[in-house]
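The structure appears right after this line, and notes come after that.
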Amino acid sequence: MPELIVGIDLGTTNSLVAVCDEGGPRVIPDDRGRPLLPSVVRYSAGGVTAGYAAREGTGEGATVSSVKRLMGRSPADVRADLAFLPYGIVEGPNQTARIKLSPSQTVSPQEVSAVILRSLRDRASAALGAEVRKAVITVPAYFDDAQRQATRDAARLAGLDAVRIVAEPTAAALAYGLGVGDESRRGRAETVAVFDLGGGTLDVSILRRTPPGAPGGTEFFQVLSTAGDTHLGGDDVDHALAALLLRESGGAAATGAAVAAAESAKCRLSEFDAAEVRLPIASGGEYRRTVTRGELEGLMEPWIARAMACCERAVRDAGPRLRRTAGGAGGVGGLDAVILVGGSTRIPLVRRRVQEYFGLVPYTAIHPDLAVALGAAVQAGVLSGAVKGALLLDVIPLSLGVGTVGGAVAKLILRNSTVPARATEMFSTSVDGQTSIKLSVYQGEREMAADCRRLGEFHLRGLPPMPAGIPQLEVEFLVDASGVLQVSAHERRSGRRASLQVVPNHGLTRDEVSRMEAESLAHAREDLTRHRVVDLVVNAKLDLKWIGERLERFRDKLDAAYAAELDGLVASLRGFVLRGDADWASVDSDAFHRAKEALDRASVRLQEVGITESLKQP
Ligand code: ADP
Ligand code: MG
């Protein structure tokens, strides 16, 4: 009997739970047959409620929605979100954001999410007749370590072990790839776009699916790129339509009622050409109006334009596998399918535009509200043994590396590498007799540490004193299948080891990720030069040190011309080091490199003399 693991889509607006058995994946509805659980939690004197009851609750108490935006974030990270959130944020320990429920009470985002997760867990336990203790939980592909960790912590608080954290687009594609929908697509590799438009966020991802090599084999999903907008979703359409209704009704209706009426009209307009809106107004009576689909589409134009720009970014970042069709005729070459996910993809205009842009009829066999949860359940089924053969691969959103002497970052794992990922690199010391080495771990695309984000640091202590450059420090980065980074260092000569699990205080906003990417492109050339000069300075100093020492020791064994040649080369290289140290931009890195090479070549004979002399010693 396979272990019981459920799949959970923990959404910004709505959450779901699904399970997979021999019959395939299925969503577990609530006792009234509703599949969705609004991601809303209400705290009042009567207790804590989640879902529809919480969303509809009024009166005394506090209602918390969109808590996903705060998971694993600091108040500074979410400053841009504050205007969208109907509650206050305060700073808790470790720079974490906490939600202010009342002047005297705050709660962490993890605790709020745990209420949602517990509600889903109770629902699943009741429906399945067994206590559910394990879950696969989905998160956006761009969620960093801190956000994934916060999601795990929320699960733990809800009595669930998050056995795997999976990217939402990957889950949607998994639901798709395993034939939850169309069976005929199986058996060949394909590249798929996932367009996920929910209540408050848009995520566009390009994935590559590799089918099993043999029946019952492993299926691979790889995220090639992700792009999106953390403030673009169905809510924006509701607000635009509500603003129109409020203007026309002379501002006499309540804003909350106008937004609710707008959302319901919007949903009806996905099916019908016109919808009637009725709003009670303060002076008594009612404001009535018919909204047509054409009008709503007019309001949505700027919003749609932003959504399509995200598609463009995702396609561009996916690399050479995809080609924009020349002449702007529409269509993306190399793409096999487009999957629609999220409640807002029910809007006909969204479907039309996505179809035009990608040049493919979007795939809608899987219900857009359910795809992510179904995919999570499939992954849960794979882990529990209920489903045979499927493996998920996600990508690392930003490059990971260690800081080097001089302030550069040596990248060990590059952006868009698939997880699980592993890389090792050898380092050494730059100062004689160092007995401890500090390693700082960075995330980002820029070459210099100061321009990247520091994720953490650790010390490798207890090294026996050795001359600079002699210790052999092997640093290993390991990113597990859930995207958590483990760094370890091993000094080979002494056998000393140290390691660090990187769980940063707070995460990166997607805007920061985009900014860091954009900056890295803008600064690429400058950065590379700087990195090169910094590395040259460090290495040249080491060369100058040992050559200088040997030159003094064996000067009387060298012929005068050779000694003079070395003196000249040493002086020239020392000049580069001094200038490079003071201002990297003031030196010609090519000339610096040539000076270092020239001294390296010339010093070979000095090295030989040194060896010969040391052999003569008793
Ligand atoms: P999230 O992933 O952010 O939790 P969902 O995928 O559940 O969100 O999408 C919720 C959004 O979908 C809301 O803005 C809701 O108004 C919108 N939505 C749901 N059904 C429809 C519909 N029939 N037509 C248009 N929008 C819809
Ligand atoms: Mg969603």
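What follows draws every value from the coordinates through simple rules; no lab data is involved. Because the structure is a prediction, the values reported are computed rather than measured. Cβ atoms come from the backbone with ideal geometry, glycine included; neighbour counts cover every protein chain shown.
Each label point was placed 7 Å from the Cα along the Cα-to-Cβ direction; for ASP567 and THR424 their separation is 4.6 nm.
The calculated 222 nm mean residue ellipticity attributable to helices in the chain amounts to -12000 deg cm²/dmol, summing -39500 (n - 2.57) over DSSP H runs of n ≥ 4 and dividing by all residues.
Taking every DSSP beta bridge that has both ends in the chain, the antiparallel portion is near 80%. Using a simple spin-label model with pseudo-atoms 7 Å out from Cα toward Cβ, ALA80 and VAL609 lie 6.2 nm apart. Against the main long axis of the alpha-carbon atoms of the chain, helix 524-554 sits at an angle near 30°.
Report the gain in length on full extension from ARG601 to ALA45: 0.36 nm times residue separation, minus Cα-Cα distance, nm rounded to one decimal. If you can, show how the numbers build up before the last one.
Working: separation 556, 0.36 × 556 = 200.16 nm, distance 8.02 nm.
192.1 nm is the gain from fully extending ARG601 to ALA45.
Helix 560-582 sits at what angle to the longest principal axis of the chain, using alpha carbons and giving 0 to 90 degrees rounded to 10? Approximately 30 degrees, to the nearest ten.
Phi-derived couplings, Karplus 6.51 cos²θ - 1.76 cosθ + 1.60 at θ = phi - 60°, listed residue by residue for the stretch 85-95: 9, x, 8, x, 10, 10, 8, x, x, 6, 6 Hz, with x used for Gly and Pro. Each listed q (0.06, 0.08, 0.12 Å⁻¹) maps to a log10 I(q)/I(0) for the chain, found by the Debye formula over equal Cα scatterers with no solvent: -0.42, -0.68, -1.24. For the residue pairs LYS411/LYS438; LYS68/LYS134; LYS411/LYS545; LYS557/LYS616, the alpha carbons lie more than 23 Å apart in LYS411/LYS545.
In this label model, ARG306 and ALA365 are separated by 3.4 nm, measuring between points 7 Å along each Cα→Cβ vector.
Each of the GluC sites (Glu not before Pro) that DSSP puts in a loop and that has at most 14 other Cβ atoms within 10 Å breaks the chain; the longest unbroken stretch is 272-618. Residues whose amide H lies under 5 Å from that of LEU455, counting only those 5 or more places away or on a different chain, are VAL441, TYR442, GLN443; hydrogens are built 1.01 Å from N in the peptide plane.
For the stretch 274-292, the residues whose backbone nitrogen is under 20 Å from a point 7 Å from the Cα of GLU356, taken along Cα to Cβ, are 292. Counted residue by residue at 0.36 nm each, then reduced by the alpha carbon distance between them, the extension gain from LYS100 to ARG324 reaches 75.9 nm.
Compute the length gained on full extension between SER494 and ALA130: take 0.36 nm times their separation in residues and subtract their Cα-Cα distance, giving the result in nm to one decimal. All intermediate terms of the calculation are to be shown ahead of the outcome.
Values: separation 364, 0.36 × 364 = 131.04 nm, distance 5.26 nm.
Full extension from SER494 to ALA130 adds 125.8 nm.
Distant-in-sequence amide contacts of THR201, defined by a placed amide H-H separation under 5 Å and a gap of 5 or more residues or a different chain, comprise LEU232, GLY234.
Which of LYS100, LYS411 comes first, and how do the rest follow, when ranked by fewest Cβ neighbours within 10 Å?
Values: LYS100 15, LYS411 19.
Fewest to most other Cβ atoms nearby, the residues stand as LYS100, LYS411.
The HN-Hα couplings worked out from phi for the stretch 258-265 by the Karplus form 6.51 cos²θ - 1.76 cosθ + 1.60 (θ = phi - 60°) are 5, 5, 5, 5, 5, 5, 5, 5 Hz, whole numbers, x standing for Gly and Pro.
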